[in-house]
Amino acid sequence: MTDTKKFVVTRFDPDADEAPRQQSYEVPCQPDWKVLDALNYIKDEIDGTLSHRWSCRMAVCGSCGMMVNGKPSLTCKDRLSNYGDTVEVTPLANFPVVRDLVIEMDGFMEKFQSVKPWIITAKEKAVEEGTNRQSPDELDHFKQFSLCINCMLCYSACPVVGNEPEFIGPAAIALGHRYNMDSRDEGAHERNEVFRGEGTVFSCSYANECSEVCPKNVDPAAAVNQAKINAVIDWATSFVVPRQAARGEPTRGSASREASEDHRGGK
Amino acid sequence: MAEVIRHDIVIVGGGAAGLRAAIAAVEADPSASVALVSKVYPMRSHTVSAEGGAAAVARDDDSLESHAFDTVKGSDFLGDQDVIQYFVEEAPKELTRLEHWGCPWSRNEDGSVATRAFGGMTTKRTWYATDKVGFHMLHTLFQHSMRFDRIVRYDEQFVTRLLVDGGAVRGVAAFDIREGVVRAILGRSVILATGGAGKIFPFTTNGNIKTGDGMALAYREGVPLKDMEFVQYHPTGLPGTGILITEATRGEGGHVKNKDGERFLVTRDYGVGNKAELGPRDMISRAIVQEIEAGRGLEGPYGQYALLDLTHLGQEKINSRLPMVRELAKIYANVDPVHEPIPIRPVVHYMMGGVDTDIDGATPMPGLYAAGEVACVSLNGANRLGSNSLTECLVFGARAGIKAVEFARGSSAGNESSCGAQADEEAARLEAARSGTGGGSEKISGLRNELNETMESGCGVYREQAAMDATVAKLAELKKRMSDVRIEDSSKVFNTQLIAALELDNMLEVAESLAVSAAHRRESRGAHTRRDATVRDDQNYLYHTLCYRDATGPRLDKKDVTLGTWVPEERKY
């Protein structure tokens, strides 16, 4: 039942190589394998020097993003049956390469943290006060944007990240927007200030590539679009309403929800 | 000379327990400096794969006493009742904290947190965020931890040795995977939070990183591993991959069936009584194995299996409560559970055993703490109840964090030159392994496969003396052969072959302690089920097994079980 495929894999060891090179492997593939299974076969049985990241093999830890035949892929989810006899695997585009298929994540982690991805409240709630009430509808406002596994495929797909490496990018914006949309959060104004800075939401060129490649249907493009509107409303509101009273409210209003539905309707 | 870095607390592992410990430590002492060292980025930690939920009393019709008794009974009376009492009291507070920190718990119409049924639990007390609970808890904790400047992350740094001076732990030697150098990260206390060791078995829900590192680190320094013989098989993994299909499927009303479409947990006596599919995991796993052995399993490319039928739940409920299960079944089993049953078989899921700790998470070594799956605080005894482990990571992660801070305040720093020298030794050892350039004759994957095979044959769902003894002997042989392992990759940069060899070394240590502990316990209790000693024997075996690593091999000892309100009785549902 095995089907032999040729894998052309990018190799690069900064200790030994001046530039990335290609190496080919013949791999006997099982019909139900994912791309990651073939890479693990190479590592275990053919060439122990190949380096790649992986762990959960169930599309939730976000470690194993790579380019497969030129497209961003979560390799543990990506069926080999999607490909022909030759499969080309290269490191995720738009990131510096550490080694072979391993990319550097420092920049991503900084962008991720820059949107203050935590609940901000004026006063910390005591445990004794119990849980917040949050209706299923309120949960739905942000739930989709909380599903990002940080696989960074969207950064590889995004044409803006390619041209402007400082762009904080789809996943980070979706994450910041996720907290802005959470009924328990009061930090939208702080995050909107971040979003109005350079290299954030207004750098986005509406290419929608991020949402196309997202393996978890987070739809970061919708988050970016909503975040743009909210960042402007927040800025405008700051002129007419004192800061405390304006705190977050307009950014979580029904306008954002409608924007999200419009976006989905347009796809 | 290895670079030396100083912190107050060093935490090894960035999953739920490690992150919770880090947050608790800086909250308890805002001046404390905490190193969070992980071999992966924290959001990759295996907590991410937990699905069904986290247990804590939330409803008016529930009680702490009920949660405590369910846990005691689930543990087959091997859980320590003082630990269980503390756990059930803290559980609601911890899950409430997580709610305040942004965890997207699923909600009732009135906005309160929703709870679902789980195996072995008397009532609905499992909090959930659809069926991606571990994912949401991990990301909430990780993102919340970013608020604290005093938590300093060391991502993709593999701890290979504890630095011990004067009998107390003083820090860790950490191998920087990207740069290929060893550093000494010193702390006045160290918390292990590295998770379990499912990868010693061939068929497991666990991710690739679950290699028992923390257990091996402590064990090598003379700290005992406790109750290692108790390995949880989850009843419902996908054949082939072992990918977890959550118990929440049964909590939401799913049925387990044999090839005749019979709900054997209802029609036959497997000890689960009217709990049926909501019986505890050890009993349901045994029932599935017995059905298969009786010829009532189905035959597939990955061996015999049973069925998990959700079709009667309907698309709407499956989409709203179990979206990940639907996604996993489609991608990894080519089955849409809305229309067809899911093929399943029991799969290694969780280690009840681990580094011996007391209720504070303190190990017998001064300054060394452990929490989460790496630890055995004796909450779970011989069988863990589903949805207690995520809560355990929070309750005992927090406690270990607070206690580690208290310890650090009262202790002096270790002898720095001694710690530095140990880190230098470690650097030399790893350097020799790396630059060996393929001299050895044993392939890593070959040794790992043999380890996996012998663990399954000797320490599976059903065990017997001869097979366990054979596994013990086989492991001794594999440990010898490990010294001749082949590492062809000589690069300093992201050398995952070297990491795999170090992980395999850890797995062999943990596996040996597990098999030796299992072979000595001549009774059936919880997940340790023997064909040649089929009943529980409280006269002779109502104790915790301690396994020490002596120069001559593993040495066993006993530790008392803390009883309390409940005296052991026959475990029937």
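Restricting attention to region B:68-95, the residues that are over 23 Å from residue B:354 (Cα atoms) and either of a type in the set (A, V, I, L, M) or crowded, with 24+ Cβ neighbours inside 10 Å (or both) total 1.
None of B:50, B:16, B:21, B:28 is small (Gly, Ala, Ser), in contact (Cβ under 8 Å) with a residue 60 or more places away in the chain and within 13 Å of chain A (Cβ to nearest Cβ) except B:50. Considered as a group, the residues in region A:76-91 that are over 16 Å from residue A:59 (Cβ atoms) and away from chain B (no Cβ under 12 Å) include one that is surrounded by the most Cβ atoms within 10 Å (Cβ to Cβ), and that residue is A:89. Of all residues in region B:521-570, those satisfying the criterion of being within 28 Å of residue B:211 (Cα to Cα) and either at pLDDT below 95 or loosely packed, with under 15 Cβ neighbours inside 10 Å (or both) are B:522, B:550, B:551, B:552, B:553, B:555, B:557, B:558.
In the set (1) crowded, with 20+ Cβ neighbours inside 10 Å; (2) at the interface with chain B (Cβ under 8 Å from one of its Cβ atoms); (3) not hydrophobic (A, V, I, L, M, F, W, C), the condition left unmet by residue A:72 is number (2).
Within region B:331-341, does at least one residue satisfy the condition of being in contact with a Lys or Arg (Cβ under 9 Å, 6 or more places away or on another chain) and closer than 30 Å to residue B:510 by Cβ? Within region B:331-341, one or more residues are in contact with a Lys or Arg (Cβ under 9 Å, 6 or more places away or on another chain) and closer than 30 Å to residue B:510 by Cβ. Could you please find all residues in region A:142-166 being farther than 18 Å from residue A:201 by Cβ and more than 8 Å from chain B (Cβ to nearest Cβ)? Selection gives A:151, A:152, A:153, A:156. Within region B:315-341, being buried (at least 21 other Cβ atoms within 10 Å of the Cβ) and more than 14 Å from every other protein chain (Cβ to nearest Cβ) holds for B:318, B:322, B:337. Report yes if residue A:139 is closer than 17 Å to residue A:62 by Cα and within 10 Å of chain B (Cβ to nearest Cβ), otherwise no. No; evaluated as a whole, the condition is false for this residue.
In contact with an Asp or Glu (Cβ under 6 Å, 6 or more places away or on another chain) and more than 14 Å from chain A (Cβ to nearest Cβ): does that describe residue B:557? Judged against the criteria, residue B:557 is not a match.
Just to be sure, is residue B:51 under 30 Å from residue B:528 (Cβ atoms), at pLDDT 95 or above, surrounded by 24 or more Cβ atoms within 10 Å (Cβ to Cβ) and among the charged types (D, E, K, R)?
Working: under 30 Å from residue B:528 (Cβ atoms): yes; at pLDDT 95 or above: yes; surrounded by 24 or more Cβ atoms within 10 Å (Cβ to Cβ): yes; among the charged types (D, E, K, R): yes.
It is true that residue B:51 is under 30 Å from residue B:528 (Cβ atoms), at pLDDT 95 or above, surrounded by 24 or more Cβ atoms within 10 Å (Cβ to Cβ) and among the charged types (D, E, K, R).
For region A:29-66, residues that are at the interface with another protein chain (Cβ under 7 Å from one of its Cβ atoms) and in a helix (DSSP H, G or I) total 2. The combined condition, being outside the structural domain of residue A:145 (by TED's automatic domain parsing) and at positive phi, is fulfilled by residue A:62. When residues in region B:438-460 are screened for being under 16 Å from residue B:473 (Cβ atoms), within 14 Å of chain A (Cβ to nearest Cβ) and touching a strand residue (DSSP E or B) at 6+ places or on another chain (Cβ under 9 Å), 1 of them pass.
The values are calculated or read from the model by the stated rules, or taken from the named source; none is laboratory data. Worth saying up front: this structure is predicted, and the values here are computed from it rather than measured. Note: ideal-geometry Cβ built from the backbone for every residue, glycine included; neighbour counts use all protein chains shown.
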